[in-house]
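What follows is a short report on a single structure.
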Amino acid sequence: MPLGTMPPIAHSDLDDLCVNTIRFLAADAVQRANSGHPGMPMGAAAPAYVLWTRHLRHAPRHPDWFDRDRFVLSAGHGSILLYALLHLSGYALTLDDVKAFRQWGSLTPGHPEGGVTPGVEATTGPLGQGVANAVGLAIAEAHLAARFNRPGHTVIDHHTWVLASDGDLMEGVAAEACSLAGHLGLGKLIVVYDDNRVSLAGSTGLGFTEDVAARYASYGWHTQHVADGNGLDSVDAALEAARAAHERPSLVIVRTTIGYGAPHKQGSCEAHGAPLGPDEVRAAKKCLGWPVEPAFWIPPEAAARFATAVARGDAAVRDWETRLRAYAEAHPAEAAELRRRMAGALPAGWDADLPRFPADAKGLPTRKASESVMQALAGTLPELIGGSADLNPSCLTWLKGQGDFQPPTLSPDGIQGRVGGAWSFAGRNIHFGVREHAMGAAVNGLAAHGGFIPYGATFLVFSDYMRPPLRLAALSRLGTVWIFTHDGIGVGEDGPTHQPVEHYAALRAIPGMLFIRPADANETVWAWQVAVENRHRPTVLALTRQNVPTIDRTGLASAEGLRRGAYVLDPSVERPDLLLIATGSELQLALEAAALLAAKGIRARVISMPCWQLFEEQPADYREAVLPRAVRPRLAVETGVTLGWHRWVGADGDVVGVDRFGASAPAARVMREFGFTAEQVAARAERLVR
Ligand SMILES: Cc1ncc(C[n+]2csc(CCOP(=O)(O)OP(=O)(O)O)c2C)c(N)n1
């Protein structure tokens with residue numbers, strides 16, 4: 001669109017100056033980095049400016065203020081927009097930081113990374129994730145408000161704002177999450193959609209022509225259109241109306257022009273993801289009446305205007321602290337609890353009620369043991385909140401007596417599965433529906449919010465449906481807990497579609513992820529203990545559908561060894577001929593195989609290795625004590641692909657694994673066919689030793 005056809009900008013010169021300051025900080029930073037995305041920041045500068053200066057309740061000098069509004073730039077490729085706003089608003093992000101955009105070790109990485117840059121709430125870039133994170137953030141606010149606010153004492157009251165792009169709303173994860181948000185009536189969630197009708201490869205007319213507003217309306221959202229994104233007052237009015245829609249999330253569709261101001265590239269995908277080039281930057285500055293030099297120019301008037309956020313933020317924090325003190329006087333116990341949750345501290349005695357399981361040859365599924373652990377934790381850890389992707393009866397992750405997280409406005413009558421009482425946001429069981437991907441991202445949002453130990457559950461095989469948020473949980477160092485049951489070919493009759501094989505390796509491959517496959521009920525208790533303690537990295541608990549014996553540990557090592565990732569189960573076996581290493585349900589097989597081998601005079605040391613990552617973190621002497629270098633015959637037993645195991649069994653070792661897809665048959669038959677019987681394991685081991 002040539003500039004001449006643009007609607008006139010109707011607002012004050014100062015506003016104009018501020019909006020253009022954002023635009024040219026973005027253009028200059030991308031130019032300097034010779035990399036990045038100038039188009040979205042230039043196009044969405046005006047609505048972002050209105051949001052940040054007139055609506056967002058934040059405190060630049062207190063970026064961790066608990067009751068701040070959360071802002072998520074879901075279109076993470078436009079990160080420079082967020083960095084410009086953070087710098088201008090007075091966060092601890094200098095102009096030099098902005099100039100170091102996309103450089104090694106800078107606070108301004110290519111896409112926003114939570115925990116790296118002050119003021120960045122969520123790691124975004126993979127499109128759609130931010131929108132879905134925001135649903136979790138909004139769930140967090142709604143829940144804490146329901147649990148802690150009291151008549152006359154509002155201590156939790158903030159909005160979750162999202163700036164989303166076409167790509168975000170094309171992604172399925174955003175659709176899943178927003179459908180859920182609509183059902184839940186998360187009225188304090190507001191998505192501003194930068195409707196510039198251009199994506200990376202061209203116009204959205206190439207493949208995204210649906211009526212987005214109608215779709216969101218059908219989800220139960222409040223929707224609005226703003227015809228001109230540069231019309232600050234109409235954006236302002238729309239955001240005001242969005243906030244007033246208390247019982248529905250809001251979508252504000254703002255029509256913008258990508259690369260606004262760049263005379264030859266605006267409105268086209270050429271402005272999307274590459275520097276404009278020095279000539280076009282110069283031309284854009286001339287078009288918008290901006291000095292060509294110096295680059296990174298911030299007019300003092302604009303700087304002063306943005307800087308008012310600091311005093312406003314300080315005042316908001318002071319006001320909140322005053323309210324918190326009054327709350328503490330009226331409700332001391334609740335205030336102490338809220339303070340604890342805000343600090344992310346575990347309560348004293350949180351693990352006092354954890355079950356211990358007696359030896360039992362018949363045993364129980366580890367998912368069932370996990371269920372018992374969760375019920376105990378539900379009592380001592382009110383921050384434990386979550387749910388499954390429609391698999392509560394299978395994953396057994398329901399927190400009994402803790403209620404549904406459901407909107408108080410909906411009548412629950414006639415809804416199957418309701419447990420007594422009215423619906424409320426105070427409930428701790430979230431029904432994610434069959435939406436694994438959104439569940440993952442929303443659980444990440446709960447963790448990013450603070451105040452929670454959030455969990456999500458599904459079958460291990462469907463972890464594939466939510467791999468992006470699993471990866472982002474690890475990248476963002478979020479203490480999320482993933483409960484993945486039905487963890488192997490032992491699933492049986494459901495067959496290969498439901499039997500994970502490559503998933504252990506795939507999850508172990510995520511840096512920083514604790515993938516734990518406990519062997520019995522007592523290891524499951526310790527696995528949960530590790531998950532709860534690890535507040536800055538995610539944990540996957542891979543749990544069995546089928547019974548596993550609760551190991552009789554008389555004369556054997558305590559299940560607490562799980563904490564170290566791997567441990568010698570039977571320390572009485574001295575000078576072993578062979579190491580038998582197993583995880584999960586296969587530990588029992590290893591034990592039985594060791595007994596068979598012992599009868600033949602072969603001394604097998606059985607090692608339980610539920611978590612590679614934790615083992616890697618042990619000191620070298622511990623690792624040597626468990627896996628002595630001198631013992632070369634080693635056999636690993638696990639119902640997954642063998643990928644990676646040779647690291648532990650070495651060149652002379654062997655692995656009883658599953659390097660193909662599973663099969664549909666009763667579990668015992670499947671296990672036998674794939675070599676998972678004590679006799680077959682013992683035979684493989686014997687071959688190694690002989
Ligand atoms: C899941 C995912 N797929 C692909 C990409 C690569 N990518 C980055 S931006 C983009 C499209 C951008 O279009 P839009 O969302 O409209 O942003 P705008 O052009 O307005 O900046 C794509 C495909 C990505 N970041 N995430």
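The values are calculated or read from the model by the stated rules, or taken from the named source; none is laboratory data. These numbers come from a predicted model, not from an experiment. In this analysis, Cβ positions are derived from the backbone assuming ideal geometry, glycine residues included, and neighbour counts consider all displayed protein chains. What goes into the accessible areas is simple: the full protein's heavy atoms, side chains included, and nothing from ligands, DNA or RNA. Shrake-Rupley method; radii C 1.70, N 1.55, O 1.52, S 1.80 Å.
Of these, LEU17, LEU86, LEU51, which one is part of a helix (DSSP H, G or I), open to solvent by 10 Å² or more (accessible area, probe 1.4 Å), modelled with pLDDT of 95 or more and more than 16 Å from the ligand (Cβ to nearest atom)?
None of the other options fit; the residue is LEU17.
Being of a type outside the set (Phe, Trp, Tyr) and open to solvent by less than 10 Å² (accessible area, probe 1.4 Å) is the filter here; which residues of region 511-523 pass it?
Residues satisfying the conditions are MET513, LEU514, ILE516, ARG517, PRO518, ALA519, ASP520, ALA521, GLU523.
Which residue pairs have Cβ atoms under 7 Å apart, sit 6 or more places apart or on different chains, and have a first residue in region 269-289 that is in contact (Cβ under 8 Å) with a residue 60 or more places away in the chain and within 18 Å of ASP166 (Cβ to Cβ) and a second that is of a type in the set (Lys, Arg) and within 14 Å of the ligand (Cβ to nearest atom)?
Qualifying pairs under 7 Å: ALA271/LYS265.
Give the residues of region 313-334 that are in contact (Cβ under 8 Å) with a residue 12 or more places away in the chain and either out of contact with any strand residue (DSSP E or B) (no Cβ under 7 Å at 6 or more places or on another chain) or not in a loop (DSSP other than H, G, I, E, B) (or both), sorted by residue number.
Selection gives GLY313, ASP314, ALA316, VAL317, TRP320, ARG323, LEU324, ALA326, TYR327, ALA330, GLU334.
Considering region 454-478 alone, what residues qualify as being farther than 16 Å from ALA122 by Cα, surrounded by 24 or more Cβ atoms within 10 Å (Cβ to Cβ) and not hydroxyl-bearing (Ser, Thr, Tyr)?
GLY456, ALA457, PHE459, LEU460, MET466
Specify the residue that is farthest from GLY584 (Cα to Cα); the eligible residues are those in region 644-662 that are open to solvent by 30 Å² or more (accessible area, probe 1.4 Å) and either acidic (Asp, Glu) or within 33 Å of the chain's Cα centre (by Cα) (or both).
So, considering only residues that are open to solvent by 30 Å² or more (accessible area, probe 1.4 Å) and either acidic (Asp, Glu) or within 33 Å of the chain's Cα centre (by Cα) (or both), the one farthest from GLY584 (Cα to Cα) is ASP652.
So, restricting to strands (runs of 3 or more DSSP E) that lie completely within region 169-263, which ones have at least 2 residues that are within 11 Å of the ligand (Cβ to nearest atom) and open to solvent by less than 40 Å² (accessible area, probe 1.4 Å)?
189-195
Based on what the data block shows, is LEU107 in contact with a helix residue (DSSP H, G or I) (Cβ under 6 Å, 6 or more places away or on another chain), away from the ligand (no atom under 14 Å from the Cβ) and either outside any helix (DSSP H, G or I) or not hydrophobic (A, V, I, L, M, F, W, C) (or both)?
In short, yes.
So, of the residues in region 124-146 that are assigned to a loop (DSSP other than H, G, I, E, B) and open to solvent by less than 40 Å² (accessible area, probe 1.4 Å), which turns out to be nearest to SER476 (Cα to Cα)?
So, considering only residues that are assigned to a loop (DSSP other than H, G, I, E, B) and open to solvent by less than 40 Å² (accessible area, probe 1.4 Å), the one nearest to SER476 (Cα to Cα) is THR124.
I'd like the residue in region 89-111 that is of a type in the set (A, V, I, L, M) and open to solvent by 10 Å² or more (accessible area, probe 1.4 Å) and, out of all such residues, is nearest to the chain's Cα centre (by Cα).
LEU107
(1) more than 21 Å from PRO275 (Cα to Cα); (2) crowded, with 24+ Cβ neighbours inside 10 Å: which one isn't true of GLY114, the others all being true?
Of everything listed in (1) more than 21 Å from PRO275 (Cα to Cα); (2) crowded, with 24+ Cβ neighbours inside 10 Å, GLY114 misses just condition (2).
Taking THR108 as the residue in question, decide whether it is touching an Asp or Glu at 6+ places or on another chain (Cβ under 7 Å) and either more than 18 Å from ALA307 (Cα to Cα) or without any contact (Cβ under 8 Å) to a residue 12 or more places away in the chain (or both).
yes
Restricting to region 255-309, name every residue that is over 18 Å from LEU82 (Cα atoms) and basic (Lys, Arg).
Selection gives ARG255, LYS265, ARG282, LYS285, LYS286.
Out of all the residues in region 147-168, which are more than 16 Å from the ligand (Cβ to nearest atom), open to solvent by 10 Å² or more (accessible area, probe 1.4 Å) and closer than 28 Å to THR124 by Cα?
ASP157, HIS159
Tell me yes or no: at least one residue of region 672-689 is in contact with a strand residue (DSSP E or B) (Cβ under 9 Å, 6 or more places away or on another chain), of a type in the set (A, V, I, L, M), part of a helix (DSSP H, G or I) and open to solvent by 30 Å² or more (accessible area, probe 1.4 Å).
Taking every residue of region 672-689 in turn, at least one turns out to be in contact with a strand residue (DSSP E or B) (Cβ under 9 Å, 6 or more places away or on another chain), of a type in the set (A, V, I, L, M), part of a helix (DSSP H, G or I) and open to solvent by 30 Å² or more (accessible area, probe 1.4 Å).
Please go through region 93-126 and pick out each residue that is among the aliphatic types (A, V, I, L, M) and closer than 23 Å to ALA174 by Cβ.
Within region 93-126, VAL120, ALA122 meet the criteria.
I'm told ALA448 meets every condition in (1) more than 12 Å from the chain's Cα centre (by Cα); (2) open to solvent by 10 Å² or more (accessible area, probe 1.4 Å) except one. Can you identify the failing condition by its number?
With respect to (1) more than 12 Å from the chain's Cα centre (by Cα); (2) open to solvent by 10 Å² or more (accessible area, probe 1.4 Å), ALA448 is out only on (1).
In this structure, does PRO619 turn out to be in contact (Cβ under 8 Å) with a residue 40 or more places away in the chain, over 30 Å from VAL491 (Cβ atoms) and not β-branched (Val, Ile, Thr)?
no
From the list LEU589, LEU596, which one is open to solvent by 10 Å² or more (accessible area, probe 1.4 Å) and touching a Phe, Trp or Tyr at 6+ places or on another chain (Cβ under 7 Å)?
Every option except LEU589 fails the conditions.
For region 162-201, enumerate the residues that are more than 23 Å from PRO41 (Cβ to Cβ) and among the hydroxyl-bearing types (Ser, Thr, Tyr).
Within region 162-201, just SER179 meets the criteria.
Yes or no: TRP297 open to solvent by 40 Å² or more (accessible area, probe 1.4 Å), outside any helix (DSSP H, G or I), more than 16 Å from the ligand (Cβ to nearest atom) and not polar (S, T, N, Q)?
In short, yes.
Here are LEU364, LEU354: which of them is at pLDDT 95 or above, open to solvent by 10 Å² or more (accessible area, probe 1.4 Å), in a strand (DSSP E or B) and farther than 20 Å from GLY220 by Cβ?
LEU364 is the lone residue from the list that is at pLDDT 95 or above, open to solvent by 10 Å² or more (accessible area, probe 1.4 Å), in a strand (DSSP E or B) and farther than 20 Å from GLY220 by Cβ.
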